[in-house]
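The values are calculated or read from the model by the stated rules, or taken from the named source; none is laboratory data. From a predicted model like this one, the values you see are computed outputs, not experimental measurements. Ideal geometry is used to build each Cβ from the backbone, glycine not excepted, and the neighbour counts take in all protein chains shown.
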Amino acid sequence: MSKNFPYNTGPLYDGGSPRDLSLATHEFGPHLAETTQRFIYGTRFLTWDGKVYKYSKSSGRCYTGRGNVFNNCIESDADGIDYAVLTADAGIGSTYIKMTNTGTAITEDFLAGGQITLKPTETYTDAHLMFRTIIGNSSAAATSGVCTIYLDSPLEIAMTTSNYAFAMPSPYNDISYTASSAGKSFAGLAATYISASGYNFWTQTYGACWIAPHAERVGAVALKRMVFWREDGSVDAHSQIGTNVTDQLAGVVLDNNDTANGSTVILLQCSI
């Protein structure tokens, strides 16, 4: 298990561009995919022109011209630990906690880069919650295993075995394309096409890009500049929300569309 992040967390900038160490003669920066993990999922890479990429792992194919979604789910403890009691006291200044794994087995450092919510009191809980980024964890057997979770900052409130927490891994460790995303949020665009699960790659989350427009509405209706994700990863106008269109903002059209010529460049706005 890791008491510090087991991989580089960045942030990375141009000049410190991601490297594909498997290639001897050329490199693709963020436009690469490989099975070896080199960064914490969610690590940020910023280019000179403001594009933002987040280090990701695929759980299926990922598209470059349509939005890909976050798949991690707390239901039935499928990917994290849902509201479990601590198995040991954690005093002020502690940088780790121990809690019972109430669901699926968790591998070592699977939660690194994720978030944990700590509930130190049953009274006025919204006022006393503590939030931390997870930097590492021990493995834990399914259902009843004890998981030690290391935190990025010490606790300012003591916790006991009467207190609870819930934890999730980085949302970027489970990204894929789906043609029907009604219950999922969009992460952004894959910087290169991903054909299957198990690849480490970069998701563009902010900056100039092209996204598949739906029908004739995007960049073709006066005064309507914002575009929203459709469930198939394309984008559409605000007026279509609720008709196969989500209320999640994808971005704004950058083109001059006075002549209703449609969009060619969109300012993606998933995450900075």
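Table for the structure above
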{"item": "Sole residue being under 30 Å from residue 258 (Cβ atoms) and small (Gly, Ala, Ser), chosen from 212, 105", "result": "212"}
{"item": "Residues located in segment 215-239, provided they are free of Cβ contacts under 8 Å to residues at least 24 places away in the same chain and not small (Gly, Ala, Ser)", "result": "217, 223, 224, 228, 230, 236, 238"}
{"item": "Some residue of segment 30-39 being among the hydrophobic types (A, V, I, L, M, F, W, C) and surrounded by fewer than 18 Cβ atoms within 10 Å (Cβ to Cβ)", "result": "no"}
{"item": "Counted residues, segment 74-107 - those being among the acidic types (Asp, Glu) and surrounded by 15 or more Cβ atoms within 10 Å (Cβ to Cβ)", "result": "3"}
{"item": "Among residues of segment 112-142, those that are touching a residue at least 40 places away in the same chain (Cβ under 8 Å), in contact with a Ser or Thr (Cβ under 7 Å, 6 or more places away or on another chain) and either surrounded by fewer than 13 Cβ atoms within 10 Å (Cβ to Cβ) or not small (Gly, Ala, Ser) (or both), counted", "result": "5"}
{"item": "Matching residues, segment 92-103, being among the small types (Gly, Ala, Ser) and within 23 Å of the chain's Cα centre (by Cα)", "result": "103"}
{"item": "Residue within segment 124-142 that is out of contact with any Gly (no Cβ under 8 Å at 6 or more places or on another chain), over 15 Å from residue 168 (Cα atoms), assigned to a loop (DSSP other than H, G, I, E, B) and not hydrophobic (A, V, I, L, M, F, W, C) present", "result": "yes"}
{"item": "Wholly enclosed strands (runs of 3 or more DSSP E) of segment 50-91 bearing at least 2 residues within 15 Å of the chain's Cα centre (by Cα)", "result": "52-59, 68-70"}
{"item": "Failed item in (1) at pLDDT below 90; (2) within 30 Å of residue 212 (Cα to Cα); (3) touching a Phe, Trp or Tyr at 6+ places or on another chain (Cβ under 8 Å); (4) surrounded by fewer than 18 Cβ atoms within 10 Å (Cβ to Cβ), with residue 18 passing the rest", "result": "(4)"}
{"item": "Residue in segment 181-194 that is charged (D, E, K, R), within 15 Å of the chain's Cα centre (by Cα), outside the structural domain of residue 111 (by TED's automatic domain parsing) and at pLDDT 95 or above present", "result": "yes"}
